[in-house]
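The values are calculated or read from the model by the stated rules, or taken from the named source; none is laboratory data. This one's a predicted model, so the numbers in the text were calculated from it and none came from an experiment. Cβ sites come from the backbone with ideal geometry, for glycine too, and all protein chains shown count toward neighbours.
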Amino acid sequence: MKRAFLLLVIMAFAAAGVQAQQKQKEKIKRVYYGLKAGMNFSNISGEGIKSSLQQGVDFGAFAEVKLSKRFDFVPELYYSLHNLKRTDDFQTRYFEDGVALSSSDEKIKLHYLSVPLLFRFHATSVIAVDAGPQYNLLVYEDDNLLKDSKPSFKKSEFAVAGGITLTLDKFRIFGRYTYGVSNVLDIPTTKGYKWNSNQAQIGIALVIN
């Protein structure tokens, strides 16, 4: 009887150990990391900037944290190159006392470090919907809109992002739209002008763990 009881105890501990190992493995698999790259098409809604979408590129990294069977938390960190164009009447619109404008060409280049914090809902095993806030930090500006290399764009921007992601094993195909809710215009003006960014993205991603 004692031997049978001892055998049951050993079997119970063995089963618990196996179950703990399985849970540990499942816990490890709840977080995935990967790399992403794609194209963006961006513009600025506001006076003095052309509304036509200009092509740029994005590249960076992401994580997928499994919150439940259908919900993920997806933080990202990526570098984004934006190309814009000013309008021909830019200097006329922004000529005010204390604002010295240069005779720049129409091309504007902006480089951002972007941090989206997205929540993902898996509608099916393949199709998922993404949405969440995003922070953009301007790290490089080449516009020559003002003399003495004075900045025309604010360094920080807050935005909201939403889109669709297709999951194909370790591959991801995504499309996304991002709208800047904060005014990025850094040129002194009394006319109440505002600049808000718009960006559409398409790209691919690969889970690497």
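Within the set of pairs 6+ apart or on separate chains, which have a first residue in the stretch 179-194 that is over 18 Å from residue 145 (Cα atoms) and part of a loop (DSSP other than H, G, I, E, B), a second that is at pLDDT 95 or above and of a type outside the set (A, V, I, L, M), and C-beta atoms under 6 Å apart?
181/158; 182/157; 182/158
Inspect all residues belonging to the stretch 130-144 and state whether any of them is closer than 20 Å to residue 73 by Cα, of a type in the set (S, T, N, Q) and at pLDDT 95 or above.
Yes - at least one qualifying residue is present in the stretch 130-144.
Does residue 179 satisfy being out of contact with any Phe, Trp or Tyr (no Cβ under 9 Å at 6 or more places or on another chain) and not small (Gly, Ala, Ser)?
Yes, satisfied.
If we keep just the residues of the stretch 104-123 that are surrounded by fewer than 20 Cβ atoms within 10 Å (Cβ to Cβ) and modelled with pLDDT of 95 or more, which is nearest to the chain's Cα centre (by Cα)?
The extreme case among them is 115.
For the stretch 170-185, check the following and say yes or no: at least one residue is of a type in the set (A, V, I, L, M, F, W, C) and at pLDDT below 95.
yes
How about the stretch 146-162: which of its residues are crowded, with 19+ Cβ neighbours inside 10 Å, not in a loop (DSSP other than H, G, I, E, B) and not acidic (Asp, Glu)?
153, 159, 161
Does residue 207 count as within 24 Å of residue 32 (Cβ to Cβ) and touching a strand residue (DSSP E or B) at 6+ places or on another chain (Cβ under 7 Å)?
yes
Each row is one residue, and each column tells you yes or no for (1) of a type in the set (S, T, N, Q); (2) within 18 Å of residue 62 (Cα to Cα); (3) without any contact (Cβ under 8 Å) to a residue 60 or more places away in the chain.
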| position | (1), (2), (3) |
| --- | --- |
| 131 | no, yes, yes |
| 138 | no, no, yes |
| 145 | no, no, yes |
| 167 | yes, yes, yes |
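Do you know which residues across the stretch 164-173 are under 22 Å from residue 200 (Cβ atoms) and either charged (D, E, K, R) or surrounded by fewer than 19 Cβ atoms within 10 Å (Cβ to Cβ) (or both)?
164, 166, 168, 171, 172, 173
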